[in-house]
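See below for the structure under consideration.
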Amino acid sequence: MNPIALSLFASRIAAVCDEMGALLRRTAFSPNIKDRLDFSCAVFDESGKLCAQAAHIPVHLGSMAYAMADIVSQVEWLPGDQVVVNDPYLGGTHLPDVTVIAPVFVNSQLLGFVANRAHHANIGASSPGSMPISSRLEEEGVVIPPTHIQREHILVDHVMNQLVGDEDNRQARGDFTAQLSANRLGQERLQALIEESGAERYQQHLVGLNAYGEQLARAAISEIPDGQYSFTDYMDDDGLGQTRIPISVQLSIAEGTASLDFKGTAAQVEGNINCPLPVTAAAVFYVFRCLMSESTPACAGTFKPIHISAQKGSLINAERPHAVAAGNVETSSRLVDVVLGALAQAIPDKIPAASQGTMNNVAMGAHGTGQWPRWDYYETIGGGMGGSAIAPGLSGVQSHMTNTLNTPIESVELHYPLRVERYQLRDASAGEGKHAGGNGLVREYQFLAPASVSLLTERRTIRPWGVAGGGEARAGENLLNGVPVAAKCAMEVNAGDKLTIATPGGGGWGQGT
């Protein structure tokens, strides 16, 4: 396959994902999808191997890439089907992230799949926002095994009704409808691409694409000196009493391959910072993808030179029924720090200091009283990025495993009984150095009605580290009416109460100021 044809094919199949994402955003109802962009879209081959993905949420897409083959092998597929799943132990991340998968048939031949994953603020947990302080998976909401939501082009009404709960839940129904519509568009675009080239030639193009991705990946890894590198970082706590929980990696680089052994990582814990292996893989894939050229296709071949080993029953290869709500968001962030920390020993000029290392998860809502109907809200909050050899870190941004946006204040205040009193950079929160880290953020909410609130945050005690002599960043803090509250907690608030989230900065790079 000549380079020009390969480049055109890679661009066209990636464009299918981009167009799916644009439709999903335009047609979704909830701020989580239409404003925060907490969704992802991808294309897979007939066996579930990744062919293309849009630049959406790394933790979504890496985990889908790792586990999709197992999911699609469990289902009997017919033209016009769509299947919904959120089970973290069957290739999901955590329960609020719901994946919808659709097969692509051409002339009755199954030739691939399109899929999208989107965050739903209400997935049936007892606490509003469905991000509780939990110890078992069933406490976190409804667990959906691979289930047909559409069968031969016909919506399965009882499945949709079970997913949205209340028949009047327009927001949830609208979001699921948007996910189904995005997949239908993806099916049409991929079918047109296959029909244009023919099934046999399309499959040959995929072989060429994967070979090219593997070649570029090996070339990027070959730029890292061969050797053994290790690093350990810690989770603050699990929310249920266990603190300073280690994640360790031994990284081996040899002849264009990277092997990561997470021996020494803590066993799975009682709290919900556990994560299944696909989430661990997502964090690892993300870090190495950042070292590759921008032209590297996001396909299965790109990840072939990367090998991961993690003991079953560990924090990062947890087993059912351990809770995982914060593993997807917080532990994945620390995994990135751990892998970057190991790489910094080999290539410090290419690796930044630690970024904020948390998504600062805020979930809130109420079951509905007085003038306010039931509401569920969830958001993540940006912070500081780590400084690097070439530039200071950015301030007030989402980084690494999340690629979402902070919800605009206008959207928050339009949809919910909340007022955002402050939203500003957090001065003097960055690590110092030749290239300082970025500053975190301060976001303060005033409640206009009573509500339940859950916080799942990290880097409140263990600070983001620096590289090459750079300084640590300031840890984050959570305050209710000016009084500190725990990094992970659930609480009831009254009208007039104020919740302040001050996020960590990024570490500094290099000595000096």
Sole miss for SER222 among (1) under 23 Å from the mean Cα position of the chain (by Cα); (2) under 19 Å from LEU340 (Cα atoms); (3) open to solvent by 40 Å² or more (accessible area, probe 1.4 Å); (4) not basic (Lys, Arg) is condition (1)
ASN272 vs (1) closer than 15 Å to ARG334 by Cα; (2) part of a loop (DSSP other than H, G, I, E, B); (3) open to solvent by 10 Å² or more (accessible area, probe 1.4 Å); (4) not hydrophobic (A, V, I, L, M, F, W, C): all pass except (3)
Given the condition among the aromatic types (Phe, Trp, Tyr), more than 20 Å from the chain's Cα centre (by Cα) and part of a helix (DSSP H, G or I), answer yes or no: does some residue in segment 199-207 qualify? yes
Within segment 377-421, of all residues that are of a type in the set (Gly, Ala, Ser) and in contact with a helix residue (DSSP H, G or I) (Cβ under 9 Å, 6 or more places away or on another chain), the one farthest from TYR445 (Cα to Cα) is GLY386
For segment 214-242, the count of residues that are of a type in the set (S, T, N, Q) and assigned to a strand (DSSP E or B) equals 3
When segment 166-197 is checked residue by residue, the ones that are outside any helix (DSSP H, G or I) and over 20 Å from PRO31 (Cβ atoms) are GLU167
In segment 114-123, anything open to solvent by less than 40 Å² (accessible area, probe 1.4 Å) and not charged (D, E, K, R) is listed as VAL114, ALA115, ASN116, ALA118, HIS119, HIS120, ALA121, ILE123
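Which of the residues belonging to segment 471-488 are open to solvent by less than 20 Å² (accessible area, probe 1.4 Å) and not aliphatic (A, V, I, L, M)?
Correct list: GLY476, ASN478, LYS488.
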Selection over segment 137-155 where residues are of a type in the set (Val, Ile, Thr), surrounded by 17 or more Cβ atoms within 10 Å (Cβ to Cβ) and more than 21 Å from the chain's Cα centre (by Cα) yields a count of 1
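Can you tell me which residue among SER108, SER126, SER134 is modelled with pLDDT of 85 or more and either open to solvent by 10 Å² or more (accessible area, probe 1.4 Å) or of a type in the set (Phe, Trp, Tyr) (or both)?
From the options SER108, SER126, SER134, the qualifying one is SER108.
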ASN169: passes all of (1) open to solvent by less than 50 Å² (accessible area, probe 1.4 Å); (2) within 23 Å of PRO132 (Cα to Cα); (3) under 24 Å from the mean Cα position of the chain (by Cα) but (3)
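The values are calculated or read from the model by the stated rules, or taken from the named source; none is laboratory data. Since we're looking at a predicted model, the values are computed, not measured. With ideal geometry, Cβ positions are generated from the backbone for all residues, glycine too; neighbour counts draw on all protein chains shown. When the accessible area is computed, the model is the full protein with side chains, heavy atoms only, and any ligands, DNA or RNA have been set aside. Shrake-Rupley method; radii C 1.70, N 1.55, O 1.52, S 1.80 Å.
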